[in-house]
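Nothing in this text is a laboratory measurement; each read-out follows from the coordinates by a stated rule. It should be emphasised that the depicted structure is a prediction, and the values quoted were computed from it without experimental measurement. Cβ sites come from the backbone with ideal geometry, for glycine too, and all protein chains shown count toward neighbours.
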Amino acid sequence: MEMKKLVKGLTVAGLFALSANTFAVTADGDLDTTSTGTVDINVIVGDLIQISGMVSMVGTTYVPGAGVNYTTPACVYRNGSTNYEVTATSSNGAGTNFFLSDGVNPANNVVYSVTYQETGIAAPVALANGALNSTFTTANTTIADCSAGAGGDVTISVAIPETDATFNGVGEVPAATYTDELSVLVAPR
């Protein structure tokens, strides 16, 4: 029982010591004809990242003989280093696959692929639904809209095949409007 009291007392004393170190130091001035007080100032800036500038990929009508392709630009800004990671997620996705849905019959879902390419990097990177990809290295560190400084410019491409050996292509489904919401999450690395 005495040991529990000792441990409890040491724990409380340690918490007081720890919390005392987390507060800014202040000093009152002396009572005199002039007086100076001081206070320490501490601001913590987190490692922040932003993706912006994407445009909707809508309005194309399928024409037999070819699949449908879309692209959107994007800007990736980070206030730390230029390294970051990306996770793309389909609201209709299953496993590692991205799907468009008619909102009626899941058997009619249309598969599509997503690639992510940083400007100045030779090859686009194929993304999988819900999978983290941590190979990206060109975030803009100067300005959040990528209008100044180097890097941050990205092209996200979506390819909807006309036919697919495993799933439905756009040419293999009934007449309807097929939609999805693609979320692109960027995070510091």
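Within a Cβ distance under 13 Å of ASN83, other residues only, what is the Lys/Arg minus Asp/Glu net charge?
That works out to -1.
Which net charge results when you count Lys and Arg as +1 and Asp and Glu as -1 among the other residues whose beta-carbon is under 13 Å from that of MET54?
Result for the local shell: -3.
Calculate how many DSSP beta bridges within the chain are antiparallel, expressed in % of all such bridges and rounded to the nearest 5.
Approximately 95 percent, going by the DSSP bridge assignments.
Note the listed values (1) 118; (2) 132; (3) 261, then indicate which one is volume of the Cα convex hull per residue in Å³ calculated from this particular structure.
It is the value labelled (3).
Just add up the charged neighbours of ALA150: K/R +1, D/E -1, any other residue whose Cβ is under 13 Å from the Cβ of ALA150.
-1
Using only Cα atoms and rounding to the nearest 10 degrees, what angle (0 to 90) does helix 2-21 make with the longest principal axis of the chain?
Tilt relative to the chain: about 80 degrees.
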